[in-house]
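One structure is given below, encoded as structure tokens.
The values are calculated or read from the model by the stated rules, or taken from the named source; none is laboratory data. Not measured: the values here are computed from a predicted model. Here the Cβ positions follow ideal geometry from the backbone for every residue, glycine too, while neighbour counts run over all protein chains shown.
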Amino acid sequence: MKYGYIMYGNMTQEMIKLTSEQRNKKMEEYRAEAEKKGWHMVMWGHPFGVSENILVVYETPKQLSAMFEDHLPNVMDNARTDIVALPEKKDGYNAR
């Protein structure tokens, strides 16, 4: 069973200072680190229409508590908004 996690937040000062090319490279490093812990980074980007300036989407068979226990790479500081999509019986996700 897989879960989808959408994390919105504000970039760390380190991330803000990077050029877009440097930021892409840093996110690839974060992707590799998260994969080692069982978290597949589906995508990341900069959302529009919200106060946060970065989002990361993960897929994993792990439940919500593992997000904190696994110490995922931290690309965000300040408050974060996490949305968890619970799986349906067969395929796809059913956000609740």
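The table that follows gives values for the structure above.
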read-out	value
Total residues in region 30-45, condition in contact with a Pro (Cβ under 8 Å, 6 or more places away or on another chain) and farther than 21 Å from Thr81 by Cβ	2
Leading residue by the ranking (surrounded by the most Cβ atoms within 10 Å (Cβ to Cβ)) among those in region 26-53 that are over 21 Å from His71 (Cβ atoms) and more than 13 Å from the chain's Cα centre (by Cα)	Ser51
Condition broken by Val75, with the remaining ones in (1) modelled with pLDDT of 90 or more; (2) in contact with a Lys or Arg (Cβ under 9 Å, 6 or more places away or on another chain) satisfied	(1)
In region 5-25, residue farthest from the chain's Cα centre (by Cα) [restricted to those that are within 16 Å of Asp82 (Cα to Cα) and crowded, with 18+ Cβ neighbours inside 10 Å]	Met11
